[in-house]
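Written below as structure tokens is the structure these notes are about.
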Amino acid sequence: MSELIPIAGEAAEGAEQVETREKTVPAVPDSMPGLVAFLEEELVAADCPQTVSARLMVCHDEIVSNVIKFSGAKNITVRLEFVRASGMWRLTFIDSGFPWNPLVHADPDTTLSAEERPIGGLGILMVKKLMDDVRYMRDGDKNVLTMTVTARTV
Amino acid sequence: MTVSKKLDGATLKVSLEGRLDTLSAPQLETEISEIPPGVTAVELDFANIAYISSAGLRVLLSTHKKMLMGGGTLTITNAVPAVREVFDITGFSGILTLA
């Protein structure tokens, strides 16, 4: 994970503490409500601003639903990291499914009219636009997708 | 998500509360899949929708197309900033009628 942008203060010898919450569940549809509840509760407990929380929840929905539907993974891990003082929020999704880099696909055309628009295909575009930084890496047999947003940019 | 519907003349007014995501989108799709005869306008009140993901957008687009085909309209009212932001970045602001 060394190539990630450090959360502000992360490298400053603990000047600002990075807090971490994590949940691992089977990558099946029945796991979705529990994951949503987990993330919502942690964001509320951490006093995450509503504007940031909404972005994180949307991205969480996009990625987890994709992993559950298409990855073939047995489990998925959702990790939330944040620094309260600097307002940096990071979500990491780890799954053991087929290699899948969502960032290499072309974005859908958002200028098409209603009649021309295909239904769907917008999820990854939304993640890229709502987060400040999104990175993918294949770590052994795992997909690791990390996204970061700062409260100041929202 | 909580859904409440009210028929006001030729307008079907639907108030939503909660989140519009993978979990709740099928519920909305079911709730508005059958538009009563004579209804030419559907209004979705988004005042209490905290956020919307692409699953929710899919339902809005399919409903919008369905209304257009029948000569009717779909209007989204009172969308909060987080929802408007999603409409903007996906180009839905140029497709949907927002009020």
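Every number in this text was worked out from the coordinates using simple rules, so none of it is lab data. None of these values were measured; they are calculated from a predicted model. Backbone-built Cβ (ideal geometry, glycine too); neighbour counts: all protein chains shown.
The order of the peptides B:56-67, A:71-82, A:134-145 by mean Cβ neighbours within 10 Å, most packed first, is B:56-67, A:71-82, A:134-145. Per the Cα gyration tensor, region A:19-153 maps to an equivalent ellipsoid with semi-axes of 23, 20, 14 Å, ordered largest to smallest. Net charge near B:Arg19: determine it from the other residues with C-beta under 10 Å of the C-beta of B:Arg19, scoring Lys and Arg +1 and Asp and Glu -1. Charge balance near B:Arg19 sits at -4. Spin-label pair A:Thr111-A:Phe98: with each label point 7 Å from Cα along the Cα-Cβ axis, the two points sit 3.3 nm from one another. For chain B, GluC sites (Glu not before Pro) meeting the loop criterion (DSSP other than H, G, I, E, B) and having at most 15 other Cβ atoms within 10 Å: B:Glu34.
The residue list A:Pro29, A:Gly97, B:Thr11 was ranked by how far each Cα lies along the charge dipole of the protein assembly as shown toward its positive end, using unit charges on Cβ atoms, and B:Thr11 comes out on top.
Note on the protein assembly as shown: antiparallel DSSP beta bridges, both residues inside, total approximately 70 percent of the bridges counted.
Kirkwood hydrodynamic radius, chain B, all distinct C-alpha pairs: what's the number in Å? Hydrodynamic radius (Kirkwood, Cα only) of chain B equals 13.3 Å. Using only alpha carbons, the protein assembly as shown has a radius of gyration to Kirkwood radius ratio (Rg to Rh) of 1.00.
Under 5 Å from the amide H of A:Asn75 lie the amide H atoms of A:Ala27, A:Ser96, each residue being 5 or more positions distant or on a separate chain, with H modelled from the backbone and absent for Pro and chain starts.
Summing charges over all other residues whose Cβ lies under 10 Å from the Cβ of A:Arg21, with Lys and Arg as +1 and Asp and Glu as -1, gives -3.
Can you tally the net charge around A:Asp109? Count Lys and Arg as +1, Asp and Glu as -1, for every other residue whose Cβ sits under 14 Å from the Cβ of A:Asp109.
Its environment carries a net charge of -2.
The residue list B:Gly71, B:Ile35, B:Ala47 was ranked by how far each Cα lies along the charge dipole of chain B toward its positive end, using unit charges on Cβ atoms, and B:Gly71 comes out on top. About its Cα centre, the dipole of the protein assembly as shown is roughly 420 debye, where the only charges are +1 on Lys and Arg Cβ and -1 on Asp and Glu Cβ.
For A:Ala46, no residue has an amide H sitting under 5 Å from its own, ignoring neighbours fewer than 5 places away on the same chain, with H placed 1.01 Å from N.
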